[in-house]
Amino acid sequence: MTDAQLDNIAEAIASGVSMSQAARANGVNKSNLRLYARNHPRLAAVLPPIRPQNNRSYKKKTPERLERLRELWSDENLPVAQIATELDVSKATVQIWAAEMELRRRGKRQRRIGAAPARGRAL
């Protein structure tokens, strides 16, 4: 792919043509445009931002977010799904963070998440 072709694609996208149409007109697969853009600043500047694959963007584990998890986790009547919604993360993320923070399990069995199973008779 020449710089002239990439310039043509960049101009087309800047003028309002879709990425697919600009790529097709220049004989390129749309999915390769981002690869070409790594070495072509003008193309990189006109490409739209990458959208997240799902509705939730990546949420960092900030001290404030972990403190909020600790507060919400202490309310035994609050389901994990509701905690996840409050923190805007998945239920799995809540469980992982809780395990990393060594929070106690919720419910009747108050064993720490991630702790070794209790020794005793096997069922």
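Report every pair of residues separated by at least 6 positions or lying on different chains whose Cβ atoms are under 7 Å apart, first residue within the stretch 69-86 and under 16 Å from MET101 (Cβ atoms), second basic (Lys, Arg) and surrounded by 14 or more Cβ atoms within 10 Å (Cβ to Cβ).
Short answer, once both residue conditions are applied: VAL80/LYS91; ALA84/LYS91.
In this structure, does GLN82 turn out to be at pLDDT below 90 and farther than 19 Å from PRO63 by Cα?
It is false that GLN82 is at pLDDT below 90 and farther than 19 Å from PRO63 by Cα.
Select, from ARG65, ARG24, the only residue that is closer than 22 Å to MET101 by Cα and either surrounded by 12 or more Cβ atoms within 10 Å (Cβ to Cβ) or in contact with a His (Cβ under 9 Å, 6 or more places away or on another chain) (or both).
Selected residue: ARG65, the only one of ARG65, ARG24 that is closer than 22 Å to MET101 by Cα and either surrounded by 12 or more Cβ atoms within 10 Å (Cβ to Cβ) or in contact with a His (Cβ under 9 Å, 6 or more places away or on another chain) (or both).
The values are calculated or read from the model by the stated rules, or taken from the named source; none is laboratory data. These numbers were taken from a predicted model, which means no experiment stands behind them. Here Cβ is always computed from backbone atoms with ideal geometry, including for glycine, and neighbour counts include all displayed protein chains.
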